[in-house]
Amino acid sequence: MGTIGVGIVGCGMIAHFHARALAEIRGVKLRAVHTSKLSNGQSVVSASGTSADIYHDLDEMLARDDIDLVCICTPSGAHLEPGIAAARAKKHVIVEKPLEVTLKRCDALMAACKQAKVQLGTIFPSRFSDANIELKKAITQGRFGRITLADSTVKWWRPQSYYDSGGWRGTWKLDGGGALMNQAIHNVDLLYHLMGPVEQVSAFTSLLAHERIEVEDTAVAILKFASRAIGSITATTSAYPGLLKTIAVHGDKGSAVIEQDSILTWEFAKPTAGDAKIREKLMKSSALSGGASDPKAISHQGHARQLADFVRAIRSKETSAVGGDEGRHAVEIIQAIYQSQATGKVVKLPLAKDPRPPKLTS
């Protein structure tokens, strides 16, 4: 296979990160973007450093024979329709997180891609950071002994103007949720990636610091994993001025704590020669806030690594690192959290169906 041609659907903020990432992958070229607003399309094309064409008609763009892969960068609850259209046009599909906002919509997109025999991926760039790769490796090697605890914090800040900036923000239909579904889903995915399946969830969510939105800006959940380890998720967009996110794993033979993409703690009962190198390389302050207070203040390098992996999977006809099924797991865990808030009960997974969104008041 020669050059992989790419089309981007949706030209909001996140599309710029896809465009910059694609520009760094050998054998890949952005050929077209689809948008309802010409200036947004021009901005994304400029970020890519290409002369990609701009389309207002999605079917017209998907009819091109030189497009092999489509990146879906529309609002969260509008991933399904362009994703299905791309699959039916025999294009591979990679979707910005979340895969979709309900399990039913996730399943419909997965089914369409399976039927069309095209690859489906979900963007979770945090899996591709050096620190998280080392953490996953240490878990796989059994260095933590019996893992007892795993926790994640995403204590971010978004002003009211962030939610007021777009009619889709803060709505169940198009945002699918608040601090959990939009911001903390990366760390929800990381907990699943590191710890495996979640069996039970108990949670509280609330709307405390914002107005005119339907979703939570503050949430705390307790998880019980199939391994019998216990975990927690703290997620908020109401913690001024916004702190770096963390992920931590503890066991009876080791502990590791990662803040953004830097290691804070890396201690094991049985040290190895490589531990010193890991600390030297990864115990450093992050140059970016990671979106803690500004959603634009993130690096595109994680996207570049993941998109490169997806292109590898297309070329080799193998499975990508983060397929559609992986994206569905994160949505299911978050839906279980919302169900626990709505019912006041411990929720067991897997879920039989999508729960009703909890009613929140500011």
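FYI, it's all coordinate maths here, none of it is from the lab. All figures in this text were calculated on a predicted structure; none of them were measured in a lab. Glycine also receives a Cβ, built like all others from the backbone with ideal geometry; neighbour counts cover every protein chain displayed.
The condition (being β-branched (Val, Ile, Thr) and assigned to a loop (DSSP other than H, G, I, E, B)) is satisfied by just one residue among Val215, Val201, Val154: Val215. Looking across the stretch 187-200, the residues that are surrounded by 23 or more Cβ atoms within 10 Å (Cβ to Cβ), over 17 Å from Glu134 (Cβ atoms) and touching a Lys or Arg at 6+ places or on another chain (Cβ under 9 Å) come down to Asp189, Val198. Looking across the stretch 221-247, the residues that are part of a strand (DSSP E or B) and either buried (at least 21 other Cβ atoms within 10 Å of the Cβ) or more than 21 Å from the chain's Cα centre (by Cα) (or both) come down to Ala221, Leu223, Lys224, Ile230, Gly231, Ile233, Ala235, Thr236, Ile247. For the stretch 305-351, the tally of residues that are surrounded by fewer than 22 Cβ atoms within 10 Å (Cβ to Cβ), more than 20 Å from Asp189 (Cα to Cα) and aliphatic (A, V, I, L, M) stands at 4. Scanning the stretch 314-345 for residues that are of a type in the set (Gly, Ala, Ser), within 18 Å of Leu223 (Cα to Cα) and in a loop (DSSP other than H, G, I, E, B) yields one hit, Gly344. With respect to Gly176, determine if the residue is crowded, with 22+ Cβ neighbours inside 10 Å and in a loop (DSSP other than H, G, I, E, B). Here the answer is yes, as Gly176 does meet what is asked.
Only residues that are crowded, with 18+ Cβ neighbours inside 10 Å and either within 22 Å of the chain's Cα centre (by Cα) or assigned to a helix (DSSP H, G or I) (or both) were counted across the stretch 36-56, and they come to 7.
Among the residues of the stretch 5-24, those that are part of a helix (DSSP H, G or I), of a type in the set (A, V, I, L, M, F, W, C) and farther than 15 Å from Lys91 by Cβ comprise Met13, Ile14, Ala15, Phe17, Ala19, Ala21, Ala23.
Out of all the residues in the stretch 306-313, is one or more assigned to a loop (DSSP other than H, G, I, E, B) and either β-branched (Val, Ile, Thr) or out of contact with any strand residue (DSSP E or B) (no Cβ under 6 Å at 6 or more places or on another chain) (or both)?
Step one: of the stretch 306-313, the residues assigned to a loop (DSSP other than H, G, I, E, B) are none.
For the stretch 306-313, residues assigned to a loop (DSSP other than H, G, I, E, B) and either β-branched (Val, Ile, Thr) or out of contact with any strand residue (DSSP E or B) (no Cβ under 6 Å at 6 or more places or on another chain) (or both): absent.
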